[in-house]
1. Helix-derived [θ] at 222 nm for the chain: sum -39500 (n - 2.57) over DSSP H runs of at least 4, divide by residue count, nearest 500?
2. Nearest 10 degrees is fine. How inclined is helix 58-67 to the longest principal axis of the chain, computing both from alpha carbons?
3. Using alpha-carbon positions, what is the distance between the centroids of the stretch 1-29 and the stretch 62-90, in Å?
4. Explain nothing, just the number: relative contact order of the chain, from Cα pairs under 8 Å at least 6 residues apart, as a whole percent.
5. For the stretch 18-58, what is the relative contact order in percent, using Cα pairs closer than 8 Å and at least 6 residues apart in sequence?
6. What's the extension gain from residue 26 to residue 113 if we count 0.36 nm per residue and subtract their Cα-Cα distance?
7. Which entry in (1) 64; (2) 54; (3) 38 matches percent of Cα pairs over 22 Å apart derived from the coordinates of this structure?
């Protein structure tokens, strides 16, 4: 994610939701250094819950959906599957419960434990 891309997505949110500065700064920092994709999602839902102008969040939502993914890992931390992030819930708990339900009901893996987490997509290699 480029700094200009992140700032362009956050600017309309900062203008529309003045009291979300801490969450916006946390999201920006995590996105810039790609340190914690889960924090980006958590901050997005906190900002979403405070917003009366959902349209201001559209560019941010698109940016996160473009650059984040959900990955399932087995108990040896081997990747089992990647799925796209679609921030289509009203709050993080129901979003995460929906993802867990999807994996529980519609997947079969030969592993006693599945770890599901958010992560930044790997950049495409230049040809």
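1. After summing the helix terms and dividing by the residues of the chain, the value is -16500 deg cm²/dmol.
2. For helix 58-67, the angle is close to 30 degrees.
3. Going from one Cα centre to the other spans 22 Å.
4. In percent, rounded to a whole number, it is 26.
5. 37 percent
6. Stretched out fully, the residue 26 to residue 113 stretch lengthens by 28.3 nm.
7. (3)
Every read-out reported here was derived from the displayed coordinates using simple, explicitly stated rules and does not represent laboratory data. Being a predicted model, the structure only gives us computed values, none of them experimental.
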